[in-house]
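J.: For reference, the structure I am asking about is given below.
The values are calculated or read from the model by the stated rules, or taken from the named source; none is laboratory data. Just so we're clear, the structure is a prediction, and the values are computed from it rather than from any experiment. Cβ atoms come from the backbone with ideal geometry, glycine included; neighbour counts cover every protein chain shown. These accessible areas exclude ligands, DNA and RNA; they are computed on the full protein's heavy atoms, side chains included. Shrake-Rupley method; radii C 1.70, N 1.55, O 1.52, S 1.80 Å.
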Amino acid sequence: MSSFAIRHAAVFTVDPENRVIPDGTVVVENGVITQTGDDREVTIPEGCEVVDGRGHALMPGLIDSHSHSSLMRGVTENMQLMDWLPWYQLEHRAMTEEFAYHSARLCYLEALQSGTTCVMDMFRYMDRCADAAGELGLRVHLAPYVADRPGKDFFSTREENRRLIRSHHDSQSGRVKVWMGLEHLFYCTEDAYREAVQLSKEYGVGIHTHACEQKEEEQAVTAEFGRRSLAVLDSYGILGERTLLAHCVWLNPEEITRVADTGTSIAHCPVSNAKLASGVAPVPEMLAAGINVGLGTDGPVCNNSLNLFEEMKFASLIQKASRLDAMALPADQILRMATINGARALGIDNEVGSLEVGKKADLLLLRLDRANLTPYSVNEQGGNVLWNLVFAADKSNVAGVWVDGRRLIQDSESTQVNQHTLITEAQSQGLALHQACRDLSHTRIAMN
C-alpha cells in the first residue's frame with residue numbers, strides 16, 4: 001500500500017482536545033496515520049506522494065451509526081411511524097438477494113459521495129451487502145434485521161445472524177463487522193434477545209436494536225408488556241457497552257440515567273424522527289448524562305437522503321428551535337457526534353473517528369473555495385470553518401474520501417466502480433422492487 005501526505009490543509013483532528021491545525025499536514029503509511037501536525041514540523045518520507053491541501057479542510061470520515069439500505073426512496077410518505085411500518089414491511093416481504101445487493105451498492109455509493117466512510121447497516125441478505133461494501137471499499141457494520149415472532153417470518157432469522165458472524169465478521173481486512181441485529185420488541189421474542197446477549201459475549205460482537213422511537217409506539221409497548229421499552233430491554237440483559245440503541249426519542253430522565261450507567265450508546269436520527277413525526281430526542285440531556293450519542297440517517301426509505309452534513313445541521317437546529325436556545329448543540333459537539341462518537345458507538349474509536357497517529361486513515365477532504373464556504377478563515381479554534389462544516393458544507397465540497405488509506409472518492413467520482421452502470425442497474429432494480437411491493441400490498445397488516 002502506497003504512502004501519501006496531505007499538506008497545507010486546515011486539519012480538524014477531532015482528538016480529545018479538538019485540536020485544529022490551520023496549516024496542517026497528515027502523513028499516511030500503509031493505511032495508517034503516522035504523522036499529524038503543523039506543516040513546518042512534519043517530515044515527509046522520501047518517495048511519498050503529496051496531495052496539495054491548500055484551500056481544503058481535512059477531517060475524519062463521517063460515521064453513519066444507524067441506516068437501512070433500501071431502493072424505496074420517496075415511496076412511503078406523509079405517514080407517522082406506526083402507520084408507515086406496515087407499508088415499509090412490504091419491502092421485506094418482496095426482498096430478494098439481488099434487491100438487497102443493489103440496495104446496498106446504491107446506498108454505500110451515496111454515503112461515500114457525502115463523505116461517510118463507515119455505515120452501520122441494518123438490512124437483509126447481508127452477505128450481499130458485504131459484497132457491495134467490498135466493491136466500493138467503505139467500512140460497514142452489518143446488523144441483520146432479525147425477527148422471530150409469529151407472522152414476521154419475512155425478516156432475517158436468528159440462524160442467519162449466527163451464520164453471518166461466522167462467515168463475515170472481521171472480513172475484508174477488518175472493514176466488515178457483524179452485529180447481533182434485533183428489529184424491535186414487537187418483532188422479537190425474549191429468547192431472541194437473550195440469545196443475542198449470549199452470542200455477543202461468545203463472539204465478541206455488538207447488539208443493535210430500535211427503541212423508544214415514537215410516543216404511540218411507547219404506549220403500545222407499555223400496553224403489551226406492562227412496562228416501558230427500556231425496562232423490558234433491561235430485563236432481557238440487553239443494555240451495556242456493546243449495545244447500540246437507535247432513536248430513543250422518548251426516554252425519560254430516569255431512563256437516560258440508566259442508559260448512561262450501563263454504558264449503552266445511542267444512534268440519534270433527527271431527520272427521520274422529524275419526517276415520521278416521532279419527535280425531538282432529548283440529546284442535550286443524554287450528552288450531559290454522559291451517554292455516547294452518534295448520528296444516523298436511518299436510510300433513504302424514511303429520510304430520502306444519506307447526507308450526514310444535512311443530519312449534522314438539522315440535529316443542531318431542531319434543538320435550538322424546540323428549546324428556544326441558540327446555544328444548544330454547538331458545532332464542535334455535533335462534529336464529534338458525526339465522527340468519534342459514532343466510532344465509539346460502533347466500538348472502533350481506537351481505530352478511526354479522529355486524526356491521530358496510529359489510527360487508520362479514514363479521511364475526508366473538503367473544498368473550502370466554493371461559494372457555500374466562502375469566505376473562510378481558520379485558526380486554532382477552528383475559525384468560521386468549524387461552524388460552516390456543520391451549517392454550510394454539503395456533498396459538493398467533497399474532494400476526496402479515503403478508507404484504510406485507499407482513495408475511494410476523487411472529485412465526486414468513485415475510484416472503484418463505474419457509477420453510471422451502478423446507478424442504471426439500481427434504477428432498474430428499484431422499479432422492479434416497487435412493483436413487487438405493489439403486488440404484495442394485499443398482505444399489509446396494520447401494526448395495531
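J.: Among bridges DSSP assigns within the chain, what percent are antiparallel (round to 5)?
T.: Percent antiparallel among DSSP bridges in the chain is about 45.
J.: Whenever you get a sec, compute what percent of the accessible area on the chain sits on carbon and sulfur atoms (1.4 Å probe).
T.: 48
J.: So if I place +1 on the C-beta of Lys and Arg and -1 on the C-beta of Asp and Glu, and nothing else carries charge, what would the dipole magnitude of the chain be about its Cα centre? I want it in debye, nearest 20.
T.: Approximately 380 debye in magnitude.
J.: Using all Cα-Cα distances in the stretch 4-83, what percent lands in each 5 angstrom bin from 0 up to the longest?
T.: 3, 13, 19, 18, 10, 6, 6, 8, 8, 6, 3, 1, 0
J.: On to the next question. What accessible area, in Å² to the nearest ten, does a 1.4 Å probe give for HIS66?
T.: Answer for HIS66: close to 0 Å² accessible.
J.: Taking a 1.4 Å probe, which of ILE33, ILE44 shows the most accessible area, and what order do the others take after it?
T.: The residues order as ILE44, ILE33, largest area first.
J.: Hey, another quick one. Convert 4 °C to kelvin, take the viscosity as 1.567 mPa s, use the Kirkwood radius over C-alpha pairs of the stretch 133-273 as Rh, and evaluate the Stokes-Einstein diffusion coefficient in µm²/s, rounded to a whole number.
T.: Calculated translational D: 83 µm²/s.
J.: Please identify the GluC sites (Glu not before Pro) of the stretch 305-401 that satisfy two criteria: DSSP loop assignment and at most 13 other Cβ atoms within 10 Å. Which are they?
T.: Within the stretch 305-401, the qualifying GluC sites (Glu not before Pro) (loop, at most 13 other Cβ atoms within 10 Å) are GLU380.
J.: Follow-up question, since we're still on this one. Less than 14 Å from a label point 7 Å out along the Cα-to-Cβ axis of GLN435: which backbone N atoms in the stretch 62-93 qualify, by residue?
T.: none
J.: Between GLU241 and THR157, 0.36 nm times their residue separation minus their Cα-Cα distance comes to what?
T.: Between GLU241 and THR157, full extension yields an extra 27.8 nm.
J.: What length, rounded to one decimal in nm, is gained on full extension from VAL280 through to ASP394, with 0.36 nm per residue of separation minus their alpha-carbon distance?
T.: That pair, VAL280 and ASP394, stretches by 38.7 nm at full extension.
J.: Take the Cα atoms of the stretch 151-208, find their three principal axes, and give me the spread along each one in whole Å, biggest first.
T.: For the stretch 151-208, the Cα extents along the three principal axes come out at 37, 23, 15 Å.
J.: I've got another one for you. So, how do all the Cα-to-Cα distances of the stretch 296-448 break down into 5 Å bins, in percent, from 0 on up?
T.: Final binned percentages: 2, 7, 11, 16, 19, 15, 11, 9, 7, 3, 1, 0.
J.: Largest first, what is the accessible-area ranking of GLU41, GLU97 with a 1.4 Å probe?
T.: GLU41, GLU97
J.: To the nearest 10 square angstrom, how much accessible area does SER322 have with a 1.4 angstrom probe?
T.: 70
J.: Let me ask another. How many nm separate the modelled label positions at ASN78 and TYR203, each set 7 Å beyond the Cα in the direction of the Cβ?
T.: 4.2
J.: What is the distance in Å between the Cα centres of the stretch 1-75 and the stretch 326-368?
T.: Rounded to whole Å, the Cα centres lie 11 Å apart.
J.: Now, a different point. Full extension from GLU190 to MET327: what is 0.36 nm times the residue separation minus their Cα-Cα distance, to one decimal in nm?
T.: Once the chain is fully extended between GLU190 and MET327, it gains 45.1 nm.
J.: Per the Kirkwood definition applied to all pairs of different Cα atoms, how many angstroms is the hydrodynamic radius of the chain?
T.: Computed over Cα pairs of the chain, the Kirkwood hydrodynamic radius comes out at 22.0 Å.
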